[in-house]
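Colleague: Please find one structure pasted underneath; my questions will follow.
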Amino acid sequence: MSAATYIFDIDAADGARWTTGPALSEASSYHGTAVVDGIIYAIGGATWDGANLFARTRVERLDTTQPVLAWDDAGVADLPVACDEMRATGFDTASGYELAGQIVVAGCGQWPTELAESMLYDVASDTWDQTFPDLNLARRNHAGAFLPFGPGGGGLPGVWVWGGRQVDDLTIL
């Protein structure tokens with residue numbers, strides 16, 4: 001577990017591309033991450049007591065437009081359900097997509113188990129919607145990506161998830 005964050009600058013000179021960023025409010029891991037309008041969100045994640053992982057509800061955000069970078073826990077609503085090992089996808093408000101200004105959290109790990117739970121966060125209202133459609137299979141540690149307009153899937157954009165673990169670390173999807 002670590003509260004440390006790092007900033008990568010691809011334009012910096014070799015050996016100087018990584019710098020230390022602001023610390024999260026608590027040492028943790030397995031966050032869902034998403035970006036909306038230049039604000040980075042660290043969603044859920046887990047803490048460790050030396051023997052077990054514990055999923056958390058904490059959500060923090062980092063406004064990259066500010067001159068002094070700092071993670072903000074108080075200014076963003078926590079998850080309604082403790083989750084780790086999940087995927088999150090953010091949509092800028094000017095993106096033109098139906099989910100503009102929102103974050104999709106797909107799946108909800110709670111090591112050593114998982115939920116099919118998916119939810120939607122609305123940036124403007126700072127609220128979570130648990131009525132967003134759940135995954136067809138409960139899973140954790142899965143991959144996920146947003147695929148914009150293009151071939152496949154009838155040319156419709158979508159948030160896709162695949163793989164992951166279910167029930168135990170030996171059941172791989």
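Colleague: Suppose each label sits 7 Å from its Cα in the direction of the beta carbon; what would the Ala94-Met1 distance come out to in nanometres?
Modeller: 4.0
Colleague: Magnitude of the Cβ-charge dipole of the chain, K/R +1 and D/E -1, about the Cα centre, nearest 20 debye?
Modeller: Computed charge dipole of the chain: roughly 380 debye.
Colleague: In nm, give the distance between the simple-model label positions of Val159 and Gln130, each being 7 Å from the Cα along the Cα-to-Cβ direction.
Modeller: For Val159 paired with Gln130, the spin-label model returns 1.7 nm.
Colleague: Between Phe149 and Ala116, what FRET efficiency follows from the Cβ-Cβ distance if R0 is 25 Å, with the result rounded to 0.05?
Modeller: Working: r = 27 Å, r/R0 = 1.08.
That gives a FRET efficiency of 0.40.
Colleague: Continuing with this model, one more query. Quick one: which of 62-71, 110-119 comes out on top by average Cβ neighbours within 10 Å, and what's the full order, highest first?
Modeller: 110-119, 62-71
Colleague: Another question, if that's okay. Given a 1.4 Å probe and every protein chain left where it sits, what share in percent of the accessible area of the chain is carbon and sulfur?
Modeller: 57
Colleague: Could you check which residue among Tyr97, Tyr41, Tyr30 shows the biggest mean-square fluctuation in a GNM of the chain with a 10 Å Cα cutoff?
Modeller: Tyr97
Colleague: For semi-axes √(5λ) of the Cα gyration tensor in Å, the choices are (1) 21, 17, 15; (2) 34, 17, 12; (3) 24, 22, 17; which was calculated from the structure?
Modeller: After the calculation, the listed value that fits is (3).
Colleague: Before I look further, what does the stretch 1-114 give for accessible area per residue, probe 1.4 Å, in whole square angstrom?
Modeller: Averaged over the residues of the stretch 1-114, the accessible area is 50 Å².
Colleague: Right, here's the next one. Mind checking which of Arg61, Arg139, Arg17 has the largest fluctuation in a GNM of the chain, springs on alpha carbons under 10 Å?
Modeller: Ranking Arg61, Arg139, Arg17 by mean-square fluctuation puts Arg17 first.
Colleague: With springs connecting C-alpha atoms under 10 Å apart, model the chain as a Gaussian network and identify which of Glu26, Glu98, Glu85 has the largest mean-square fluctuation.
Modeller: Glu98
Colleague: So how much slack lies between Asp78 and Ile172, counting 0.36 nm per residue of separation and subtracting their Cα-Cα distance, in nm? Kindly include the intermediate steps, with their values, before the conclusion.
Modeller: Numbers: separation 94, 0.36 × 94 = 33.84 nm, distance 2.94 nm.
Using 0.36 nm per residue and subtracting the Cα-Cα distance, I get 30.9 nm.
Colleague: Dipole of the stretch 1-100, Cα-centred, from +1 at each Lys and Arg C-beta and -1 at each Asp and Glu C-beta, to the nearest 20 debye?
Modeller: Working: 5 positive and 15 negative charges, 33 e Å.
Roughly 160 debye for the stretch 1-100.
The values are calculated or read from the model by the stated rules, or taken from the named source; none is laboratory data. A quick note: this is a predicted structure, and the numbers were derived from the prediction, not measured. For neighbour counting, all protein chains shown are included, and Cβ atoms are generated from backbone atoms with ideal geometry for every residue, glycine included. The protein model used for the area step is the full one, side chains on, heavy atoms only, and it has no ligands, DNA or RNA in it. Shrake-Rupley method; radii C 1.70, N 1.55, O 1.52, S 1.80 Å.
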